[in-house]
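K.L.:
What follows is a single structure, and I will ask about it in a moment.
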């Protein structure tokens with residue numbers, strides 16, 4: 001294998017695929033990144049794979065001799081990142097040798113790798129027609145829901161985001177058992193270039209949040225209107241986009257029927273400025289964090305305001321009042337302040353509505369004038 005490529009492009013690509021390299025590999029080769037040089041296409045492909053998440057990307061290279069080898073991801077990435085961006089990098093390895101010579105204007109390095117044959121194959125499910133998704137819309141759905149997924153590995157299915165696609169559009173949902181974020185996207189399918197059969201395609205899959213965070217990072221880093229191709233088959237999900245591939249296992253089990261958690265009607269509604277509410281909650285949270293993260297919200301229909309307070313025993317207490325449009329009778333309700341702030345930050349609208357029935361039943365946050373997003377948070381029961 002022999003090739004010349006750009007230091008900047010190689011370094012960026014290594015940073016990308018290294019996110020899928022195992023930090024505690026079960027086999028030595030999983031700590032490596034796979035390099036595949038192809039003289040026919042003039043490209044160098046890089047792959048990281050920890051048996052659950054796989055990321056593959058490629059960059060332009062002047063390939064003199066095709067070949068493949070794996071190199072230690074951490075060491076290779078650190079050497080390349082420290083080399084001068086003004087000088088191209090030459091990588092060369094004799095056939096059958098496990099040593100790679102890396103040459104730049106400032107010096108030469110030798111690295112011992114492992115044979116490409118030892119590296120596990122990336123499970124590239126590409127059977128059937130792909131479902132094409134608009135990358136901007138997909139990013140929007142992931143940003144609105146990823147934060148609400150569970151970090152508790154014991155709740156395996158809840159550590160993912162559920163993707164549901166039907167004729168109406170894409171729905172992303174995530175819950176950790178205390179809160180639920182759902183975003184319905186009606187324009188997930190690009191208008192141009194749909195393959196036959198895509199319009200009627202359905203997807204019903206739960207993908208680990210870790211994999212989708214990397215997908216969101218990939219899509220956000222490169223602005224392109226090129227659609228993302230999605231393949232789902234036998235416990236694997238593959239996203240193809242531009243010259244990049246992300247593959248992930250899907251989570252086993254049936255995702256909870258979250259729709260039935262959302263009440264049909266509400267007896268009380270509170271409309272308030274979103275940024276003002278976040279600012280007030282963050283100030284009161286200084287005290288709430290000292291005790292149990294609980295804030296109380298009391299609505300006052302006559303004064304048209306909300307009173308937000310926190311009481312940290314033996315430390316202090318604080319309260320804030322906010323102008324609000326209050327419908328229904330007065331109510332006192334308590335929340336984990338972090339759950340409330342997370343949900344409000346996932347909303348872009350200036351005004352937000354809180355819909356509730358009683359101090360112990362689910363509360364719904366919805367953006368005013370921006371249908372599609374629903375955030376449910378369970379109140380905290382407090383002793384009066």
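K.L.:
Check off (1) out of contact with any helix residue (DSSP H, G or I) (no Cβ under 7 Å at 6 or more places or on another chain); (2) surrounded by fewer than 21 Cβ atoms within 10 Å (Cβ to Cβ); (3) not in a helix (DSSP H, G or I) for residue 247 and give me the number that stays unchecked.
P.N.:
(2)
K.L.:
Sticking with this one: Got a number for residues in segment 290-310 being without any contact (Cβ under 8 Å) to a residue 12 or more places away in the chain and assigned to a helix (DSSP H, G or I)?
P.N.:
Number satisfying all stated conditions: 0.
K.L.:
May I ask you to list pairs of residues, at least six apart or on different chains, whose Cβ atoms are under 6 Å apart, with the first in segment 102-113 being assigned to a loop (DSSP other than H, G, I, E, B) and the second being modelled with pLDDT of 95 or more and surrounded by 15 or more Cβ atoms within 10 Å (Cβ to Cβ)?
P.N.:
Note: pairs meeting the criteria are 113/69; 113/70; 113/71; 113/100.
K.L.:
Pairs needed: first member in segment 222-238, outside the structural domain of residue 51 (by TED's automatic domain parsing) and on the phi > 0 side of the Ramachandran plot; second member anywhere, at pLDDT 90 or above and surrounded by 14 or more Cβ atoms within 10 Å (Cβ to Cβ); C-beta distance under 6 Å; at least 6 residues apart or different chains.
P.N.:
Note: pairs meeting the criteria are 235/249; 235/250.
K.L.:
Being buried (at least 19 other Cβ atoms within 10 Å of the Cβ) and in the same structural domain as residue 208 (by TED's automatic domain parsing) is the filter; apply it to segment 251-278 and report the residue that is farthest from residue 357 (Cα to Cα).
P.N.:
251
Conditions tested, residue by residue: (1) over 20 Å from residue 147 (Cα atoms); (2) at pLDDT below 95.
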| position | (1), (2) |
| --- | --- |
| 274 | no, no |
| 289 | no, yes |
| 312 | yes, yes |
| 342 | no, no |
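K.L.:
Among the residues of segment 364-374, are any buried (at least 19 other Cβ atoms within 10 Å of the Cβ), at pLDDT 95 or above and touching a helix residue (DSSP H, G or I) at 6+ places or on another chain (Cβ under 8 Å)?
P.N.:
The answer is yes, given that some residue of segment 364-374 is buried (at least 19 other Cβ atoms within 10 Å of the Cβ), at pLDDT 95 or above and touching a helix residue (DSSP H, G or I) at 6+ places or on another chain (Cβ under 8 Å).
K.L.:
Answer yes or no as to whether residue 95 is out of contact with any helix residue (DSSP H, G or I) (no Cβ under 8 Å at 6 or more places or on another chain) and over 21 Å from residue 6 (Cα atoms). Can you show your working first?
P.N.:
Working: out of contact with any helix residue (DSSP H, G or I) (no Cβ under 8 Å at 6 or more places or on another chain): yes; over 21 Å from residue 6 (Cα atoms): yes.
So residue 95 fits the description; yes.
K.L.:
Taking into account only those residues within segment 279-294 that are surrounded by fewer than 18 Cβ atoms within 10 Å (Cβ to Cβ) and either closer than 20 Å to residue 347 by Cα or not assigned by TED's automatic domain parsing to the domain that holds residue 321 (or both), which is farthest from the chain's Cα centre (by Cα)?
P.N.:
Here the answer is 283.
K.L.:
Could I ask something else about it? Do any strands (runs of 3 or more DSSP E) entirely within segment 316-375 hold 2 or more residues that are within 14 Å of residue 263 (Cβ to Cβ) and in the same structural domain as residue 274 (by TED's automatic domain parsing), and if so, which?
P.N.:
Working: elements: 316-323, 325-327, 332-336, 351-356, 363-367.
Where strands (runs of 3 or more DSSP E) fall fully within segment 316-375 and carry at least 2 residues being within 14 Å of residue 263 (Cβ to Cβ) and in the same structural domain as residue 274 (by TED's automatic domain parsing), they are 351-356, 363-367.
K.L.:
Looking at 72, 28, which one is in contact with a helix residue (DSSP H, G or I) (Cβ under 7 Å, 6 or more places away or on another chain) and either under 29 Å from residue 252 (Cβ atoms) or touching a residue at least 12 places away in the same chain (Cβ under 8 Å) (or both)?
P.N.:
Details: 28 fails: in contact with a helix residue (DSSP H, G or I) (Cβ under 7 Å, 6 or more places away or on another chain).
Exactly one of 72, 28 is in contact with a helix residue (DSSP H, G or I) (Cβ under 7 Å, 6 or more places away or on another chain) and either under 29 Å from residue 252 (Cβ atoms) or touching a residue at least 12 places away in the same chain (Cβ under 8 Å) (or both), namely 72.
K.L.:
Still on this structure: Given the structure, is residue 91 closer than 28 Å to residue 228 by Cβ, surrounded by 20 or more Cβ atoms within 10 Å (Cβ to Cβ) and at pLDDT 95 or above?
P.N.:
No: the conditions fail for residue 91.
K.L.:
With the requirement that a residue be in a loop (DSSP other than H, G, I, E, B) and either surrounded by fewer than 22 Cβ atoms within 10 Å (Cβ to Cβ) or on the phi > 0 side of the Ramachandran plot (or both), what does segment 148-169 give you? Reasoning before the result, please.
P.N.:
Kept after step one, since they are in a loop (DSSP other than H, G, I, E, B), are these residues of segment 148-169: 149-155, 167-168.
Listed by number, the residues that qualify are 150, 151, 152, 153, 154, 155, 167, 168.
K.L.:
Yes or no: residue 313 in contact with a helix residue (DSSP H, G or I) (Cβ under 8 Å, 6 or more places away or on another chain) and free of Cβ contacts under 8 Å to residues at least 24 places away in the same chain? Break it down into steps so the answer makes sense when it comes.
P.N.:
Details: in contact with a helix residue (DSSP H, G or I) (Cβ under 8 Å, 6 or more places away or on another chain): yes; free of Cβ contacts under 8 Å to residues at least 24 places away in the same chain: yes.
The answer is yes for residue 313.
K.L.:
Go through segment 79-101 and give me each residue that's in a strand (DSSP E or B) and more than 36 Å from the chain's Cα centre (by Cα). Spell out the reasoning first.
P.N.:
Filtering segment 79-101 for residues in a strand (DSSP E or B) gives 89-92, 99-101.
The answer is 92, 99, 101.
K.L.:
State which residue is surrounded by the most Cβ atoms within 10 Å (Cβ to Cβ) when the search covers only segment 37-50 and only residues that are more than 28 Å from the chain's Cα centre (by Cα) and within 14 Å of residue 243 (Cα to Cα).
P.N.:
Residue satisfying both the conditions and the ranking: 43.
The values are calculated or read from the model by the stated rules, or taken from the named source; none is laboratory data. Since we're looking at a predicted model, the values are computed, not measured. So basically every Cβ, Gly included, is an ideal-geometry build from the backbone, and we count neighbours across all protein chains shown.
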